[in-house]
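Below you'll find the structure, written out as C-alpha cells, and then a few comments.
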Amino acid sequence: MALVSLLLGSIFGLMLLGIPVAFAILVGGAVTIAIMMPQASLIIVPQQIFNGIDSFSLLAIPCFLLTGALMSAGGITTRLLALANAILGRFKGGLAMSNVLSAAFFAGISGSAVADTSALGRILIPAMIQAGYKPGFTAALTASANVLAPIIPPSIAFIVVGVLTGQSITRLFIAGILIGLLYALALIIVIAWQARTHDFPVHGRTPLPEIWRTFVDALAAVVMPLLIVGGIRTGIFNVTEVAAVTVLYALFVGFVVYRELTVRKVYDALVSSAHITAVIMIIVGTARVFSWALGYTGLPGQIADYLLSITESPLMFLLLVNVLLLIVGMFVEANAALIMLLPVLYPVAMQLGIDPLHFSTVMVVNLCIGLITPPVGLTLNLTTLMAGIRLEEGVRAIWPFLAAAFIVLAMLAYIPGLATWLPNLLMG
C-alpha cells in the first residue's frame, strides 16, 4: 500500500505543481520504482515507454492529425462552415447550430478535439461574437461542440482503446457514429431552447440552389468520413493504411481541387501535427510506466476484487465507473486516463458480462466530457482564450451543455444498443 501511495501521491503532487501530466507520470513512476522496487532496474522505464508506443495501429494517429491540418490549411474549414450555415442559418440561433454541425463534419477528418477547436474556433468564435452572441456562450458552445472529435471516427481515443484491449478499431469507429450524432443533437436542442429566451440572431434563409452549390463545394470534405469507414469496412484498408490514404487525399484536395495548399502550408501542417502527435505519444508511453508499476503491485486485481465485493450488478458497476471517470476527467487528460484506468476496469466489466464495445464507448465518452469540465478542460480553456474572456465566464455558460452531455452519457450507459446496434448491423 505504501508503494501505491507513493506512486499516486507523487504523480498528483507534481500535477498540482503545474508539471505536465506526461512528465508527472514519468517522474512519479521512476521515483516509485527507484525507491520502492530496488530489485527492479530503472531500465524498466524506457522499456515500458517504448512498449507503450510500439504499435502499428498507433501510426494512424499522426496520419489522421496531418490529414486534419492539411484539410484545414487547404480551405476545407471555410467550406464546411458555409455548408453548415446554408443548412441551419434559417433558424433562430442558426450560426450557433452551424457551429455544432461544422464540428461534426470536421470531427470526421482529424479525430483530435484540440486540433478541431484550434481550426474551427479561430473562425467561428470571432464570427459569433460579431453576430451578437455573448463571448461566454460562444466559448462554451465551441468547446462543447468539439468534444465530438474524439467520438466520431476517426477517433484517436478509440485507436488507443483498440490497441489496449485488442478490440476491432473498425467496430469502435462505427460505434462512435451514432453516439456522436446523438451528442450533436443534444447540443442543438440546448441551443434551440436557449434561443427561445435569448435574442439569438437569424443568419437568413438560403435558397435551395445555394445550399446545393455549397454542398458541392464542400463535397470533397464531406466524403472523407465515408472514405475512412468504407475503406476499412470493405477490407480494402486497415486503420493505419486508410489513415495514410487520407493524407494523400488531403494533399490532392488541397493542391488540385481547391488549389489553396502551398508548400509553406504543408510545412506548417507537418509541424503542428507533429507537435500534437508528440504530446499524445509521450502520454501514451509514460502512462505505460504507470500501468506497469500498478501491475507490479497487484493493485488492479485488488481493485477488481473490491469492486466485485461491492456489487455484482452491471448497472451499479457502470454507475460507480461513471462517477469515478467524471472525477478523474476533471484533472487528467483523456488518453492518459484511458491508458491508466482501462487495464484496471476493463477486466471487471468483462467478468460482469458487460459488452466490451459498450463499456469502451462509455469510458471514452465519459472522459471526453472532461474536455469541458474545469479546472483542466482543455477545449474550454482554449476557447476562452480565443474569446478573450476569463475561464470563469466560460464555466458559467458551460452548464447547459454539460447537462446535455451527462444525459447522453446516461443514455449510453444504460442503453447498450446505442453502442452496439450499428456495428452489429454493418459488421455482424
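No value in this document is a laboratory result; all are computed from the given coordinates. The shown structure was predicted, so the numbers you read here are calculated from the model rather than taken from an experiment. We place every Cβ from the backbone using ideal geometry, glycine too, and count neighbours over all the protein chains shown.
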* Can you tell me the 0 to 90 degree angle between the C-alpha axis of helix 156-165 and the longest principal axis of the chain, rounded to 10? => 30
* Table column - 3J(HN,Hα) (Hz), the stretch 352-368, Karplus curve with 6.51, -1.76, 1.60, x for Gly and Pro -> 8, x, 6, 4, x, 5, 4, 5, 5, 5, 4, 4, 5, 4, 4, 5, 5
* Asked: What residue among MET224, THR234, VAL408 has its Cα farthest toward the positive end of the dipole of the chain, where the charges are +1 on Lys, Arg and -1 on Asp, Glu, each on the Cβ?
  -> MET224
* Taking every pair of alpha-carbon atoms in the stretch 196-332, what share in percent sits in each 10 Å bin, from 0 to the bin with the longest distance? -> 8, 18, 22, 24, 19, 9, 1
* To do: Specify the angular offset, from 0 to 90 degrees and rounded to the nearest 10, of the alpha carbon long axis of helix 44-53 from the longest principal axis of the alpha carbons in the chain.
  => 30
* Structure fact -> Connecting every pair of Cα atoms under 10 Å apart in the chain and solving the GNM, the largest mean-square fluctuation among ASN238, ASN146, ASN366 falls on ASN238
* To do: Starting from the coordinates of the alpha-carbon atoms of the stretch 135-234, obtain the Kirkwood hydrodynamic radius over all distinct pairs and give the value in Å to one decimal.
  => 16.2
* Roughly speaking, what is the stretch gain from ARG213 to ILE303, that is 0.36 nm per residue apart minus the C-alpha to C-alpha distance, in nm to one decimal? -> 26.7 nm
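How long are the semi-axes of the equivalent ellipsoid of the stretch 281-403, taking √(5λ) for every eigenvalue λ of the Cα gyration tensor, in whole Å from largest down?
Result for the stretch 281-403: semi-axes of 30, 18, 11 Å.
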* Using every pair of alpha-carbon atoms in the stretch 104-158, split the distances into 10 Å bins beginning at 0 and state the percent of pairs per bin, rounded to integers. => 28, 48, 21, 3
* Structure fact -> Semi-axes of the chain from the Cα gyration tensor (sqrt of 5 times each eigenvalue, largest first, whole Å) come to 36, 24, 22
* To do: Select from ALA119, ALA145, ALA104 the residue whose mean-square fluctuation is largest in a Gaussian network model of the chain (Cα-Cα springs shorter than 10 Å).
  => ALA119
* Asked: Mind listing the phi-derived Karplus ³J(HN,Hα) values for the stretch 304-311, rounded to whole Hz, using 6.51, -1.76 and 1.60 with θ = phi - 60°, and x for any glycine or proline?
  -> 4, 5, 5, 5, 5, 6, 6, 7
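I'd like the per residue volume of the convex hull spanned by the Cα atoms of the stretch 69-149, given in cubic angstrom.
Measuring per residue, one finds 74 Å³ for the Cα hull of the stretch 69-149.
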* To do: Working from Cα positions, state the angle (0 to 90°, nearest 10) between the long axis of helix 224-233 and the longest principal axis of the chain.
  => 50
* To do: For the stretch 211-276 and the stretch 71-89, compute the distance between their C-alpha centroids and round to whole Å.
  => 15
* Structure fact -> Semi-axes of the stretch 259-314 from the Cα gyration tensor (sqrt of 5 times each eigenvalue, largest first, whole Å) come to 45, 15, 4
* Selected from PHE91, ILE169, ILE109, residue furthest toward positive end of dipole (the stretch 88-207; charges at beta carbon) -> PHE91
* Asked: In a Debye calculation with equal point scatterers on the alpha-carbon sites of the stretch 176-267 and no solvent, what is log10 I(q)/I(0) at q = 0.10, 0.20, 0.22 Å⁻¹?
  -> -0.47, -1.08, -1.11
* **Radius of gyration and maximum dimension Dmax of the stretch 354-428, Cα, Å** => 15.6, 49
* To do: Would you mind calculating the relative contact order of the chain from Cα pairs under 8 angstrom and at least 6 residues apart, reporting the percent as a whole number?
  => 26
* **Taking only Cα atoms of the stretch 143-193, radius of gyration then Dmax in Å** => 12.4, 42
* Using a 10 angstrom cutoff on alpha carbons, build the Gaussian network for the chain and name the most mobile of VAL256, VAL266, VAL376. => VAL256
